[in-house]
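Peer 1: One structure, as structure tokens, below. Some questions next.
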Amino acid sequence: MSDSPLLDHLLELRSRLLRSLVAVLLVFSVLAFFADELYQLIAAPLLASLPIGSSMIATDVATPFFTPFKLALVVAIALAIPFLLWQLWAFIAPGLYRKEKRLVVPLLVSSTLLFYGGVAFAYLVVLPLALNFLAGAAPEGVTVATDIARYLDFVLAIFLAFGIAFETPVAIILLCWSGVTSVQSLRKKRPYVIVGAFVVGMILTPPDVISQTLLAIPMWLLFELGLVIAGLYQSSEKKPEHQPGKQ
């Protein structure tokens, strides 16, 4: 250990970042061999919604080569999230109180699972419905032929939107735990939250009612779940205060 605590923290931070980078690169080196298969999996909902005889296109010479590897890198980062969060936890844990540690670990685990759940919901439910709607909305005489790079950007935006939206319970718990707001206050603002969920759905999803609604409704339900969990946590925190103290 050096005489400078700040230097020690910076060195540890660098070590954690390097480990995280190595972990992502290791996962990517494996997924790179299956880059084409990964893209076929992502493209399946679009190909199923295209008219017979239609296919995807590539408008740039290098796009067919780089696009699958871009997807492999994104998937590598997603799969490495548990390790990345563990490195984050190892870095901040020494500065937390025991009470904070008991809350942070479940939040890290639940936030990871909720993000994966949001991505899975987007892939299995939202994409098929939204793509069928968008493909069927093409005017007569217009052939739908989507560029593979633009489609990947579209899908990743959908995945990110739903992954973040499914973090709503974690956000509610953190806001109540930090004292920024309370469960009672959020319950009074429920109508505004519902309207806000639909506004967020309009901003983060394609311009169709189906995908907007499919994002807004889960956000509202997850908001309610966050209120329940935050209420239980606040109740457990208040119990010791009502117990008679020992002399």
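Peer 1: Across the range 4-23, which residue is most open to solvent (accessible area, probe 1.4 Å) among those that are of a type in the set (Lys, Arg) and under 17 Å from PRO82 (Cα atoms)? Break it down stepwise before answering.
Peer 2: Initial filter on the range 4-23 (of a type in the set (Lys, Arg)): 14, 16, 19.
Those still in the list that are under 17 Å from PRO82 (Cα atoms) too: 16, 19.
On the way: ARG16: 43, ARG19: 115 Å².
Residue satisfying both the conditions and the ranking: ARG19.
Peer 1: So which of VAL109, VAL119, VAL104, VAL125 is modelled with pLDDT under 80, part of a helix (DSSP H, G or I) and not charged (D, E, K, R)?
Peer 2: Working: VAL109 fails: modelled with pLDDT under 80; VAL119 fails: modelled with pLDDT under 80; VAL125 fails: modelled with pLDDT under 80.
None of the others qualify; the one that does is VAL104.
Peer 1: Picking from LEU31, LEU47, LEU85, which residue would you name as being surrounded by 13 or more Cβ atoms within 10 Å (Cβ to Cβ), in contact (Cβ under 8 Å) with a residue 40 or more places away in the chain and of a type in the set (A, V, I, L, M, F, W, C)?
Peer 2: Numbers: LEU47 fails: in contact (Cβ under 8 Å) with a residue 40 or more places away in the chain; LEU85 fails: in contact (Cβ under 8 Å) with a residue 40 or more places away in the chain.
Going through LEU31, LEU47, LEU85 in turn, the sole match is LEU31.
Peer 1: How do the helices (runs of 4 or more DSSP H) wholly within the range 179-247 filter down when requiring 3 or more residues that are crowded, with 16+ Cβ neighbours inside 10 Å and modelled with pLDDT under 85: which remain?
Peer 2: Qualifying helices (runs of 4 or more DSSP H): 190-204, 209-242.
The values are calculated or read from the model by the stated rules, or taken from the named source; none is laboratory data. Predicted, not measured: the structure shown is a model, and the values here were computed from it. Counting neighbours? That spans all protein chains shown, and the Cβs are built from the backbone with ideal geometry, glycine included. Heavy atoms of the whole protein, side chains included, go into the accessibility calculation; ligands, DNA and RNA do not. Shrake-Rupley method; radii C 1.70, N 1.55, O 1.52, S 1.80 Å.
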